Each structure stands twice: as C-alpha cells, then as structure tokens.
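Taking it in order: structure first as structure tokens, then the write-up.
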Amino acid sequence: MTSVTTLGHMQLALLEAHAAAARDEVPVGAVVVGPDGIVLATAGNETRALCDPTAHAEVLVIRRAAEKLRDERLTGCDLYVTLEPCAMCAAAISLARIRRLYFAASDPKGGGVVHGARVFNQPTCHHTPEIYDGLEEDAASDLLKTFFAARR
C-alpha cells in the first residue's frame with residue numbers, strides 16, 4: 001500500500017523530524033492525514049521545549065488534528081511517524097481511533113507496537129489501526145543514529 005502520496009506524507013514527517021533535531025529534540029516527526037487525504041496537522045518532538053515528557057510527536061499531532069476537527073476521535077485519519085510509537089503513543093493512537101499507522105524505523109528498545117508492550121495486541125486495547133512499517137526506514141534510522149552519535 002505504498003503510493004506517491006503515502007511517501008510524500010512520510011517525507012513531511014521526516015521534515016518534522018529534521019526540524020526537531022535542529023531544536024535539539026529527539027528527531028521524531030509525525031503527520032495526521034484526514035480521510036480526504038488532506039494533511040490536518042504536523043509535529044515533531046517537543047519534550048525539551050515544553051518540559052513535558054508526554055510531548056512526543058505523535059501525541060502533539062493527534063492533539064492538533066483533534067482540535068482542528070473539533071473531535072477527540074480521528075476516525076478515518078492516518079498517522080505517519082518516523083519511529084515506531086512507544087507504548088504511551090500507541091495507547092493515544094488507539095484512543096484516537098486512528099485508521100492506519102505508518103511508521104518508518106522500528107524501535108526494539110522503546111517501541112510499543114511491534115516491540116515491547118505491543119499495545120495493539122492487548123485484550124484491553126480499544127482500537128487497533130492497520131499497521132504499515134518500514135516506509136522510509138533508512139532515512140529515519142540514519143537521522144536518529146546521526147543525532148545520537150553526535151551526543152556521545
């Protein structure tokens with residue numbers, strides 16, 4: 001299910017990740033696209049800027065899209081993110097009723113979708129989106145590796 005539009009949305013998420021890195025935030029970017037294919041919101045990590053450990057790109061972009069739609073449910077919306085969401089973000093994705101989740105790089109250490117908690121596989125999970133991984137994986141992984149290598 002890879003299309004030019006899908007790649008374009010992930011490219012936009014990568015731009016958000018680069019902007020986050022420029023702000024000295026962990027370089028993760030996210031985009032929410034509405035059912036009509038229109039971008040509703042974009043975000044990059046802002047945990048340092050906001051002094052908020054929950055200010056992950058996914059949480060911020062879900063908040064912005066929900067505010068724009070004036071609805072806490074993002075039914076029919078798709079989320080593009082450059083890194084496998086953590087358990088907190090996966091739970092937010094479920095609660096928002098995101099239709100499809102596309103993520104670039106997997107996160108064996110902190111991921112909560114195909115690694116770790118596997119939130120969507122739990123019997124208490126309210127909603128499970130369709131999941132597509134590996135889209136622009138190399139670009140996202142390289143950005144993260146470069147960011148962390150510069151800090152070691």
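The values are calculated or read from the model by the stated rules, or taken from the named source; none is laboratory data. Bear in mind that the values here come from a model prediction, so they are computed numbers and not experimental data. Neighbour counts are summed over all protein chains in view; Cβ atoms, including those assigned to glycine, are modelled from backbone coordinates with ideal geometry. The accessibility values were calculated without ligands, DNA or RNA, using every heavy atom of the protein model including side chains. Shrake-Rupley method; radii C 1.70, N 1.55, O 1.52, S 1.80 Å.
A few points about this structure:
- Top-ranked residue of region 42-84 - restricted to ones that are part of a helix (DSSP H, G or I) and basic (Lys, Arg), ranked as least open to solvent (accessible area, probe 1.4 Å): ARG64
- The test for being open to solvent by less than 20 Å² (accessible area, probe 1.4 Å) and either more than 12 Å from the chain's Cα centre (by Cα) or at pLDDT 95 or above (or both) does not hold for VAL119.
- Any hit, region 86-96, residues being under 14 Å from ALA30 (Cα atoms), among the small types (Gly, Ala, Ser) and in contact (Cβ under 8 Å) with a residue 40 or more places away in the chain: no
- Test set (1) open to solvent by 10 Å² or more (accessible area, probe 1.4 Å); (2) part of a helix (DSSP H, G or I); (3) closer than 23 Å to PRO123 by Cα - ILE93 fails condition number: (1)
- Screening MET88 with (1) touching an Asp or Glu at 6+ places or on another chain (Cβ under 9 Å); (2) open to solvent by 80 Å² or more (accessible area, probe 1.4 Å) gives one miss only, at (2).
- Residues of region 123-148 satisfying the condition of being closer than 26 Å to THR75 by Cα and in contact with a Leu (Cβ under 8 Å, 6 or more places away or on another chain): HIS126, HIS127, PRO129, GLU130, ILE131, TYR132, LEU135, GLU136
- Scanning region 125-152 for residues that are of a type outside the set (Val, Ile, Thr), exposed (fewer than 14 other Cβ atoms within 10 Å of the Cβ) and part of a helix (DSSP H, G or I) yields a total of 5.
- Taking region 20-41 as the range and being closer than 24 Å to ASP71 by Cβ and outside any loop (DSSP other than H, G, I, E, B) as the test, the residues that pass are GLY29, ALA30, VAL31, VAL32, VAL33, VAL39, LEU40, ALA41.
- The set of residues from region 17-41 being in contact (Cβ under 8 Å) with a residue 40 or more places away in the chain, within 18 Å of SER141 (Cα to Cα) and open to solvent by 40 Å² or more (accessible area, probe 1.4 Å) comprises HIS18, VAL26.
- Residues in region 1-16 that are surrounded by 14 or more Cβ atoms within 10 Å (Cβ to Cβ) and β-branched (Val, Ile, Thr): THR6 alone.
- Here LEU101 fits the description: at pLDDT 95 or above, surrounded by 23 or more Cβ atoms within 10 Å (Cβ to Cβ) and touching a Pro at 6+ places or on another chain (Cβ under 6 Å).
- Output for region 103-121, where each listed residue is more than 10 Å from LEU83 (Cα to Cα) and not in a loop (DSSP other than H, G, I, E, B): VAL119, PHE120, ASN121
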